[in-house]
Structures are given as structure tokens and as C-alpha cells.
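To keep things clear, I will list the structure first and then write my remarks on it.
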Amino acid sequence: MEKGQKRITIGVLAGGILDDFTKVVSRGVLSAAKRLGVNVVVLPGKYLDRDLSDNRELRYEYQYNTIFSYAEKEKIDVLLVLAGSIGYCVSTERMKKMLTRYKVPCVLIASQVDGFVDVSYDNCAGVRQALEYLIKRVGCKKIGMIGGNSTNLDAEERKQTFFEVLREYGLPHDENVFVEGTLTRKNREIVSGFLEREPDLDAIFCVNDDTALGLYEELKRRGIQPGKDISVVGFDDVVAAARANPPIASVRADGAVLGEKALRMALAMLGGEKIESKKVPTRFILRDSVCQREEEGIFQADGAREFFALDNIFRDIFWRSEDRDDVGRMEQIKETMHALGGYLERQISEKKFFAEENGMQVYIDRLLNLGTMADADVENMLGIMKRIETVLKAWIRDGEHLYAMEKEFSLAYWKIIRAMDYENGRQREEQQTYNYSMKLFVRDMLEFENGNDQSYSLILNNLEWLHIEHAFLYAFGEPQIHLFREEFEAPDHLYLKAAKCGNDVFAVPFTEQKTAVEDMLCNPYIQTDKKYSFVQIPLFYNESLYGVLLCDLTNEIFENGEFLVNQMSSAMRIIKLLKVNETIQQQLEESFEAMRENNVVLDTLSKSDGLTMTLNRRGFYQEAEKMLTEARESGKPLLVLYADMNNLKIINDRYGHENGDFSLKMIGRLLAEQIGEKGVAGRIGGDEFAGMLYYDEPDGGKSFLRALRQAFERENKNSDKPYNVTVSAGAVRIDPEEEMTLEEALAKADQKLYIAKQHRKKEVAK
């Protein structure tokens, strides 16, 4: 699809790329984009405004969210926003505030915000189906629910439907049977308290599959077995639900359909059509996490049709197929499974009972020849076959027919196990190759020896194992500091350091590197006449952002994207450090002779305070120790002074930091003038000063402090500043015969300063 002369680019704002929901939705978007001829760029962030700074796993997740700011500036025609995963823990008002930043049309996925069109689930239908099955077929009398944040509309709709169904069927429906969770697996304390409070629950409906998986962990800890001791139902039907033990019954909400519909709605909006929000159907998927009545079970006549819902069986066995690109082969496998299911159903409906010897093997052989074991979850496959065998046993009463059936299944089991052994061997070899590739990747990622631009191309050389053909590595001129809870503003320009175009990896010439943010998706090395599907990922180390990776969105990225980010970020940080080190080394080498010739000047500078031009802490201590030694040898008394500026904060806050610096300079100057050639003065802290001078007066320094105070009064009187600069000071005399150290003298002077500080005037205005 073309928009004028330019191919349309769809942006997808997602809450990361590792969770199952984002994967499925993104694949739906990508599949539709390929068919419709549009470009896609996924911008994966994390959770919006979620305070997880103390969670080590997610401490720097706000760094990922910097990527959302790029969508404001880049040449993206329309945005698809997984608002539920980005902002499930914030209010719709906060989500709306974020969305209004973007000046292009937005279509929300699985979330509703006033003023924006969305495509979301029909939560009610699927939840109702699940609950009615638990009530009618399983016979549950008390059902609980682990819900989600009330700001999440999906969670709230599911909660409302939950209570509606319980009321309709006269089951307990007070607030005791509901508890609010986090929509994640991290609900242990919540779940534990819920189970303690309601120990007699027959079933628990979970707001999503992640919550159900977290419930599984707590049930296991308590020795409670889902599917036998209690029924568990989730929502979303993500891959992890089919993989669980036992597989989790769930409300299927096809994220791929959400993604495809959202993209089509976005294109219609760009075409000028008036678009309304849409709902995607949901339906209950029965699995072994639901208890069955012994006297009835799912294997009775009225459950046979449900049991042989082969699309459900296919998903439970072939959940890995969602990561495969060979869609044609998977369709052949599905067709063969449907044919096998039809054959088994005919054994019941036509009462043939395996009269055709090895009739089942035709389909088993066909499945194995299609390479089924490479994609199948064998444990689920064998479990489902055992259940099918049990179904058939309930129908076959004749011993001869029963023997024929058992023979067929025994042969099928043998073939599957033999094929599984072969596949396991192949996968072990594949895993060994993969592990070796990973070791090479980690090693080669840090192969560079210097901080020049060529090192960036060495980084991109390592992306082959992720099946990435196109990659572009952008770096900031200087690392951008992004602190927690601070807004991030994307800079106007980045520098394209290296590019990967097929097998060609190269460093970009410096004169061609500078790239405006809005041109990141159309740099000279991207073939604009060809479709692309990119992912754009920030590269950071703690609070420092080093750049952005723009690359092909492959299946491997979904699995290893964040690992890739960590490795590349570390590599870029090292390149930056090497560059800084090389620069410093070069500067040192160039100035070595000058340093030797000017070592006296450098030593002086090392002891000086750059602001006040007095000694710094190091310089003062060195010079004061020399004076103390000389005074004892010569028998001369000393005066040690400790001074602290009054009201620096008030001056800074009221008149600005420039005036604060002016005040500190004035103090340093007056103190040095009063001491003169008799001693030394220095700034030893922020607004703290010290002095030492030869002092013959027996008054403990009173006359010196008086003269210092008068100097400040004269200076303030002649100053055009609207404020007075003053200090509090304490002094202690050291007689030659006293064994007092410099630290002891400063401590005593500080004590006297503290007393003087109690009587200071806090107002600074004249």
C-alpha cells in the first residue's frame, strides 16, 4: 500500500518484546503488514509510571521508555498502542495525557481511552462461558477471582462479568470471593492471603494467564493440585498456559487478530474513513486445570464434541508453531490432525471400532513425515492421546474391538517415542551449536581494541545468529543521562555509526553520520522501495543512554532482544571509555614535556581552589603542616582560624548561584588579605574556610577576628549587592610548647565557630 510516493509506516508502541501478549499481537500486525505492503517499526518500552525502582530485575525499566519519545519526531504515519501493557497500572487520564503527545492517528489495542478508537476483547462472552462451565459441568459451588488493577478496563470488565454470573446462579458473590492482584505472576502474598481467607473455594478464575501461573506456584507450595483439588481458569490463552503442568484452561483471546484488526483500522483512518471501536470474540478453552466429575467427565457423549475441538488440541500441542515462519507446513500438520480427528470420531459415530487394521497409522505416519516432532510439545501430545484413548475405551465394549484399538494406539505411541528420540538428538546438536554461537557472540561483542568508529561495525558483525540482515547503530554525541522519574526528551540528532545491509557491515564515514531523529527510519542505507519490519531499542547502561539500535524484527529478537540490548550497551559503553582513555592518553603524551617544565605551576594549581583562588583543602593542609613545624622550631605562636559563610543557601535561593559564587570569592579574598604574608588561607569545603598565621597577641585571636569583621562591614557598605556577606569564625592560638596537631587545632576552632554561629543573623538583605 502506498501513500502518494511514500510507503506507509506503522508504529507499534508496546510494553516490551519478551511477554507473550506483545509477541502474538506483533505477529498479527507483521502478518497483515506483509500482505498489505506497509512498513512496521515496533518501539518496545516498559510500564508507564510504575514504581519498580527497588526491583533489581526492572530497576532501569524507565530507560526503555525513552523510546516512546522517538515516536513523536519520527516519520510514522499512524501508531498502534498496546496501552494496556504500557499503562495498566495508571489511570486512563494519565494514559490519555501520553497519547495526546502524538500528532498522528492512534489505534489502541486491548484498552479503551476516551477520544481514541480501539480494538479490544469481548471480555464478557469468554468469562461467562468459563464460569458457566465451572458451575454447570463441574458443579462448583464457590468460585473465587484474582483480579487486576481497577484502572485497567479489561480487568474491570472481567470482574463485573464474574459477579454478574455468580449472582445469576445464586453462588456467593460478596467481596470476600474477590482479591485484586497485579496482573503479573508476582502475587504471592496476595494469593496466599486469599487462600488462607477462603480455603473452601472449588475454583479460582484469574484475570489473565500470568496471574494463573503465579497462582500455580502458590498452589504447588501448598501441595494443592490444579485439576484435581481445585479448578483454575485464566484469560488470554498465552503460550505459557498451554505449556503449564497441567495445561491451564483459559479464555482464548487471539492477540494476532487484535494486531491485524488494529492495523486495518489504522489504514482505514489514513484513508479518511470514519472508524469505530471494535471487539474481538473470546471463548473458553477447556484444559486439565479444570476438575471433572468422576461420574460424568469430559468423555461422555455430550462432551465428545467439545473434546474433539481440534483447533484447541493443535494449539496445546503445537504452541511452538507461533514462532515458525514455515506457515505452509504447519497448515499441512493441522489438516492432517483434522483428518485424524475425523477418523477417530467416525470410530464412535459409525461404530467401526478400528475394523480397518492400521487405519490410524496412515495419519500418524503422515504427521511424523511432516517433521511434527520438531514443533510438538511431546508431553502434551502423549497426554492428549491418552485422553483420546480413554474416550474410545468408554465407547468400545467388545473385547476384540478394544484389542484392535489398543494395538493401534500402542503402535502410534512407539512411533512417536522413536521419532521423539531422534528429534531430541537433533535438538541436542542444535543446542550445542546455539550455545557455541552464544559464547562466540559474547566474546566477539568485545573484540574491539580501541574507541574509534570502526569498533561499532564490529558490534553489528555479531547479529548474524539472530538472523538479522539489516541493522543500524545510532549513538548519541555524548551519553544522555536519564534519571528515575525525570522526563526524557529525545535529542534532535544522533550519529549513525555503523550499518549492516545483508552481508555487508561497515562503519559510516564521519561526514555522513549526523542524522536528524525524524530521519532515523529513512537513512541513506534503508531501501525505501522495499517493505521492512524494524524494532527500535534504546541502548543504555544504568542512567546513561548510549544510543539506539534499529534492526529487523525477527523471531530471535522476541526471544533474545533484551539480552542483545545488554551486550550491545556494554560494548558501546566500553567503546566510549576507550575513546575517552585514548583521548586522555594522547593529551598526556602531547603535554608530557610541558608538564615537566611547568611542574611548579601544576603543583600550585593542584593546591588551588578554582573559584576563590585561595588554597584548596589539600593545599591548605600541606602549607599549614609546614608552618606548624617551622613555628615549633622557631618558637613562634600561631593562630588557627576556622570560618563558615552565613546564609549561603538563602543567597543562592533568593539571588541565584552566581551571587552565591560571588560571596564565596569575596570571603576568600578578604580572608587572604587579612592574613597577608603572615600565613596561609584556604577553602576546605563548600562554604568552609581555614587560615593559619603567626600571631603574637595573647588575646586568643580576638583582635584578628575583630579586624576581619570590620573588613566585611566595609566591603558590604561599599557593595552594590542587595545583600550582606558575612562569616562566623572561631580561632585558637597554638603556643610553641603545646603538642597540638593541626587537626586538633581546627577541631577546637570549629567548636568556637559553632558557638558564634548560634548568634548569627539569618537575614541577608541590607
Condition check for Ala672: in the same structural domain as Ser608 (by TED's automatic domain parsing), crowded, with 19+ Cβ neighbours inside 10 Å and within 16 Å of Leu628 (Cβ to Cβ): no
Which listed residue is more than 24 Å from Tyr60 (Cα to Cα) and among the aliphatic types (A, V, I, L, M), from Leu483, Leu494, Leu521: Leu521
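Here is a yes/no grid of residues against (1) touching an Asp or Glu at 6+ places or on another chain (Cβ under 8 Å); (2) assigned to a strand (DSSP E or B); (3) within 30 Å of Leu370 (Cα to Cα):
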position: Thr433; (1), (2), (3): no, no, yes
position: Glu449; (1), (2), (3): no, no, no
position: Asn461; (1), (2), (3): yes, no, no
position: Tyr474; (1), (2), (3): no, yes, no
position: Gln480; (1), (2), (3): no, yes, no
position: Tyr495; (1), (2), (3): no, yes, no
position: Met520; (1), (2), (3): yes, no, no
position: Gln527; (1), (2), (3): no, no, no
Pair list, Cβ under 6 Å, 6 or more apart: segment 344-357 residue assigned by TED's automatic domain parsing to the domain that holds Met385, other residue modelled with pLDDT under 70: Glu345/Phe308; Gln347/Phe353
Residue in segment 709-723 that is surrounded by 21 or more Cβ atoms within 10 Å (Cβ to Cβ) and in the same structural domain as Glu625 (by TED's automatic domain parsing) present: no
Candidates Asp209, Asp202, Asp174, Asp254 - the one that is farther than 30 Å from Val29 by Cβ and crowded, with 18+ Cβ neighbours inside 10 Å: Asp202
Test: Gln292 is at pLDDT 85 or above and either part of a helix (DSSP H, G or I) or over 30 Å from Ser111 (Cβ atoms) (or both): no
Residue within segment 23-42 that is within 15 Å of Ala83 (Cα to Cα), at pLDDT 90 or above, surrounded by 24 or more Cβ atoms within 10 Å (Cβ to Cβ) and not aromatic (Phe, Trp, Tyr) present: yes
Any pair with Cβ under 9 angstrom, 6 or more apart, that starts in segment 73-102 at a residue that is without any contact (Cβ under 8 Å) to a residue 24 or more places away in the chain and ends at one that is of a type outside the set (D, E, K, R) and in a helix (DSSP H, G or I): Leu99/Ala83
Matching entry among Leu195, Leu215 (being more than 22 Å from Phe314 (Cα to Cα), in contact with a helix residue (DSSP H, G or I) (Cβ under 6 Å, 6 or more places away or on another chain) and surrounded by 17 or more Cβ atoms within 10 Å (Cβ to Cβ)): Leu215
Test: residue in segment 534-543 that is in a strand (DSSP E or B), in contact with a Lys or Arg (Cβ under 6 Å, 6 or more places away or on another chain) and assigned by TED's automatic domain parsing to the domain that holds Ala475: yes
Unmet criterion (only one of (1) buried (at least 20 other Cβ atoms within 10 Å of the Cβ); (2) assigned by TED's automatic domain parsing to the domain that holds Glu489) for Glu93: (1)
Condition met for Lys415 (within 23 Å of Asn369 (Cβ to Cβ), assigned by TED's automatic domain parsing to the domain that holds Arg366 and either assigned to a helix (DSSP H, G or I) or in contact with a Ser or Thr (Cβ under 9 Å, 6 or more places away or on another chain) (or both)): yes
Failed condition for Cys124, given (1) touching an Asp or Glu at 6+ places or on another chain (Cβ under 7 Å); (2) buried (at least 20 other Cβ atoms within 10 Å of the Cβ); (3) closer than 13 Å to Phe235 by Cβ: (2)
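The values are calculated or read from the model by the stated rules, or taken from the named source; none is laboratory data. Quantities reported herein were computed from a predicted structural model and do not represent experimental measurements. Note: ideal-geometry Cβ built from the backbone for every residue, glycine included; neighbour counts use all protein chains shown.
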